[in-house]
Amino acid sequence: MLDQADGYVTADGRQIGPVVMEMQNITLRFGGVEAIKDISFDIREGEVRAIIGPNGAGKSSMLNVISGFYVPQEGQVLYKGAPRPAMKPFEVARQGIARTFQNIALFEGMSVLDNVMTGRLTHMKTGMFSQALWKGRAEAEETENREVAEKIIDFLEIQAIRKTPVARLPYGLKKRVELARALAAEPNLLLLDEPMAGMNVEEKEDMSRFILSMNDEFGTTIALIEHDMGVVMDLSDRVVVMDYGKKIGDGTPDEVRNNQDVIDAYLGVSHD
Ligand SMILES: Nc1ncnc2c1ncn2[C@@H]1O[C@H](COP(=O)(O)OP(=O)(O)O)[C@@H](O)[C@H]1O
Ligand SMILES: [Mg+2]
């Protein structure tokens with residue numbers, strides 16, 4: 001089923017499209033450390049693609065390659081069929097790619113709403129010069145950005161804290177605000193680095209629900225890194241498993257769960 005070029009329909013009736021991103025033989029080094037060793041895999045339109053593996057496996061590095069933040073020494077990334085050059089963060093955003101970080105990166109002194117509004121920056125077309133000339137247009141744009149931000153705040157059920165400074169929020173809610181900001185950019189591809197790390201069971205359930213309905217309602221393609229195997233199995237269509245920079249598994253949650261190399265890596269079997 002997975003070799004169908006145009007996509008396929010999942011068991012629960014979701015439409016998965018063609019490949020949008022292809023990692024081809026990626027090797028990434030930091031000095032003498034090989035963080036990623038000759039890894040290839042793809043991401044399809046509309047899918048929830050998980051990257052899992054023990055600490056230090058190279059998952060965050062891989063997400064940074066996907067986002068265009070790191071350029072690998074070997075191999076190439078194809079985005080919508082074209083090789084992707086090195087990009088600045090704002091160029092990445094313009095391509096419809098948004099992300100959250102393993103360590104929360106919000107403006108702590110600003111309100112939730114203002115933080116979410118910063119996610120709209122790439123959609124602001126009116127510069128200062130034209131703002132002076134076209135006051136009306138700038139105002140219309142501001143109104144539209146605010147509407148999108150409010151819509152996402154409603155969607156993620158954080159209306160009650162929209163005026164609260166982020167610094168005053170508990171950890172789980174900060175993670176949700178970070179997700180809101182990423183979503184405010186209306187991305188085609190959303191990259192989440194451990195969106196549920198440090199959360200309690202209830203918070204994880206909420207986050208899982210939001211990720212799934214985001215995928216469902218907005219058609220957002222999602223690549224996420226997650227440690228909790230249960231969460232990964234529930235959420236994802238396909239899973240890449242990394243260990244010591246190598247890919248040791250790739251397939252549906254069931255395929256990966258029954259892969260002996262994956263079982264060994266998770267049980268901490270020695271690798272020498
Ligand atoms: N910026 C960096 N500079 C040097 N080494 C790095 C850097 N980022 C990651 N590494 C190294 O690359 C390896 C993979 O790290 P990382 O991608 O963060 O793994 P994971 O997210 O799976 O825990 C580790 O050995 C880590 O120390
Ligand atoms: Mg990491």
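Just so you know, all these numbers are worked out from the coordinates, no wet-lab data involved. Quantities reported herein were computed from a predicted structural model and do not represent experimental measurements. Using ideal geometry, Cβ is built from the backbone for each residue, glycine included, and neighbour counts are taken over all protein chains shown.
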Find how much the distance from R168 to E144 grows on full extension, using 0.36 nm per residue of separation minus their present alpha carbon separation; answer in nm with one decimal. 5.9 nm
Please find the FRET efficiency linking Y8 to Q76, where r is the Cβ-Cβ separation and R0 is fixed at 22 Å, and quote it to the nearest 0.05. 0.30
Which whole-Hz couplings ³J(HN,Hα) result when phi for each residue of the range 219-229 is put into the Karplus expression 6.51 cos²θ - 1.76 cosθ + 1.60, θ = phi - 60°, listed in order with x for Gly and Pro? x, 5, 6, 10, 10, 9, 9, 8, 8, 6, 4
At R0 = 22 Å, FRET efficiency that the Cβ-Cβ distance of T27 and K88 yields, to 0.05: 0.45
Going down the table (K151/K204; K151/K174; K204/K246), which pairs top 20 Å between alpha carbons? K151/K204; K204/K246
Mean residue ellipticity at 222 nm from the helices of the chain, using -39,500 (n - 2.57) per DSSP H segment of n ≥ 4 over the full residue count, to the nearest 500 deg cm²/dmol? -11000 deg cm²/dmol
Antiparallel content of DSSP bridges confined to the chain, in %, to 5: 60
Quickly work out the N258-to-M229 label distance, labels modelled 7 Å from Cα along the C-beta direction, and quote it in nm with one decimal. 1.6
What residues qualify as long-range amide H neighbours of R99, i.e. H under 5 Å apart, gap of 5 or more or another chain, H built at 1.01 Å from N? L191
Place the peptides 88-98, 187-197 in order of packing, highest mean first, counting for every residue the other Cβ atoms within 10 Å and averaging per peptide. 187-197, 88-98
For R238, what residues show an amide H to amide H distance below 5 Å, using hydrogens built from the backbone and excluding near sequence neighbours? V48, A50
3J(HN,Hα) from dihedral phi, the range 105-114, Karplus parametrisation 6.51/-1.76/1.60, rounded to Hz, x for glycine, proline: 10, 10, 8, 4, x, 8, 5, 4, 4, 5
If you count the DSSP beta bridges with both ends in the range 139-272, what percent of them are antiparallel, to the nearest 5? 50
Using a ≥ b ≥ c from the Cα gyration tensor of the range 145-226 (square roots of the eigenvalues), is it rounded, prolate or oblate, where a/c under 1.5 gives rounded and otherwise the larger of a/b and b/c decides, a/b for prolate? oblate
Can you give the angle from 0 to 90° between the axis of helix 135-155 and the longest principal axis of the chain, with both taken from C-alpha atoms, to the nearest 10? 50
Within a Cβ distance under 10 Å of F107, other residues only, what is the Lys/Arg minus Asp/Glu net charge? -1
